[in-house]
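Report on one structure; see the data block that follows.
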Amino acid sequence: MTVSLDLEQKIRLALAQKKALIKRKAKGFIKHDYLVPGGPYEEQWDWDAFFVGMALASEIPSEAIYLKNWCLNYLEHVRPDGFTPGLLTPNGIDHRLKHIKPFLAQGAYFASMFLNEFEWIRPHFSTLKRSVLYRERHNFDAKRGLACWYDSMESGADNNVAALNYPKGTVVATDLNTFLYREYHAVSHIAKKLGMSSEATFFRHKANAIKEAINTYLWDSEDGIFYNIDRRTGEYIKRVSYSSIIPLWGQVAPLSRGKTMIRRYLLNPKKLRGRYGIRTLSADDPDYNQKNIIKPYSNWQGPVWPLFNYLSMSALLSYGFRREAQWLAEVTVRLCLADIKKSGGMHENYHSEKGTPLAAPNFVSWNLLVGQMLSQTKTNTNPFQIV
């Protein structure tokens, strides 16, 4: 597939004009300049700002200062037991989110890589370690060596049916443990850069162990897919959703498993592949819908999200589906450009078959990653690679 440079230029220009909407000066409780999802938001949200920071830094490395600031704003509020609030406001901690999603170490690692400077982490390393290890003492399934979400809202995929309506702390989740695997991996690399060989080895072993556990316990060999499991019964939660794909983005699956899963689910029009990208829930699921929902939660039960399209594109590239990744990049770019042209902004999700905008107008946030999709498929690169 040949993608015109003109299309790439159009999306970069359109998104460049949106960047001012997501940057905020330090204010009150938030001591360092920070990032917001745009629109009416004034809060620093955990994974939203991480992905925004990555979008900025991977395009202009010096912009990684925002990713560094994102880390510092959290590191300054880690409790002695490692608990780290996920949502910060100028007025204090917002308790709508629980413990920060597992991205803090990744943020520190990538900020340091882009800025070519790791020493800033040294005085915060013990704090970072406490934060990363917190989940092993809370909502952790020691039998399997895997973590559980506190609830579906903590996951960020608000109404994901693979976690929704289960008792707190009972869903052993594919997305959570992939993120945690990457956290251990990132801490190991940070420690190595700082000359802390024993810490580097300690976290490398943890990363390897959780990767093995994901493939042992969360992979259903009969269905050929990763599922969440109910900690109480040990049974698979057999819902083909956004969270099933995250181990492919994290490159947790061996090559053969990844290819099988992609062909059977990700690229299957009867499952996850929609006309305008990758659905957040399989089309044959009884709860599949295209509802415009923002309260009480955002809708991850079918609509396409530019973020999920980006993560799926990266998974396709990682497992050798470059042509399909190029298709997904172009579809997503055209989707966002059409919205900007018509409404002046973007939305957080779209109808998977019609391409019509759904929830959250004037949403910027992690949609900034769309600006790099075409170039990354052309060069087969991944700025989220921990090396």
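Any residue at all in segment 301-320 that's part of a loop (DSSP other than H, G, I, E, B), closer than 23 Å to residue 368 by Cβ and either free of Cβ contacts under 8 Å to residues at least 12 places away in the same chain or aromatic (Phe, Trp, Tyr) (or both)? Checked against the condition, which is being part of a loop (DSSP other than H, G, I, E, B), closer than 23 Å to residue 368 by Cβ and either free of Cβ contacts under 8 Å to residues at least 12 places away in the same chain or aromatic (Phe, Trp, Tyr) (or both), segment 301-320 yields at least one hit. Within segment 256-269, residues that are over 15 Å from residue 309 (Cα atoms) have Cβ atoms under 7 Å from residues that are modelled with pLDDT of 95 or more and of a type in the set (A, V, I, L, M, F, W, C) in these pairs: 257/219; 258/248; 261/225; 261/248; 261/253, counting only partners at least 6 apart in sequence or on another chain. The residues in segment 74-89 that are hydrophobic (A, V, I, L, M, F, W, C), part of a loop (DSSP other than H, G, I, E, B) and either touching a Phe, Trp or Tyr at 6+ places or on another chain (Cβ under 7 Å) or within 27 Å of residue 359 (Cα to Cα) (or both) can be counted, and the count is 1. Within segment 1-35, being under 21 Å from the mean Cα position of the chain (by Cα), among the hydrophobic types (A, V, I, L, M, F, W, C) and within 11 Å of residue 70 (Cβ to Cβ) holds for one residue alone: 35.
Within the span defined as segment 248-259, every residue fails to be touching a helix residue (DSSP H, G or I) at 6+ places or on another chain (Cβ under 8 Å), surrounded by fewer than 24 Cβ atoms within 10 Å (Cβ to Cβ), of a type in the set (Ser, Thr, Tyr) and over 30 Å from residue 40 (Cβ atoms). At least 2 residues being out of contact with any strand residue (DSSP E or B) (no Cβ under 8 Å at 6 or more places or on another chain), within 18 Å of residue 75 (Cα to Cα) and not β-branched (Val, Ile, Thr) is the threshold, and among the helices (runs of 4 or more DSSP H) wholly inside segment 123-208 those reaching it are 125-133, 174-193. The residue of segment 33-73 that is farthest from residue 18 (Cα to Cα), among those that are assigned to a helix (DSSP H, G or I) and among the hydroxyl-bearing types (Ser, Thr, Tyr), is 62.
The values are calculated or read from the model by the stated rules, or taken from the named source; none is laboratory data. Model, not experiment: these values are computed from the prediction. Backbone-built Cβ (ideal geometry, glycine too); neighbour counts: all protein chains shown.
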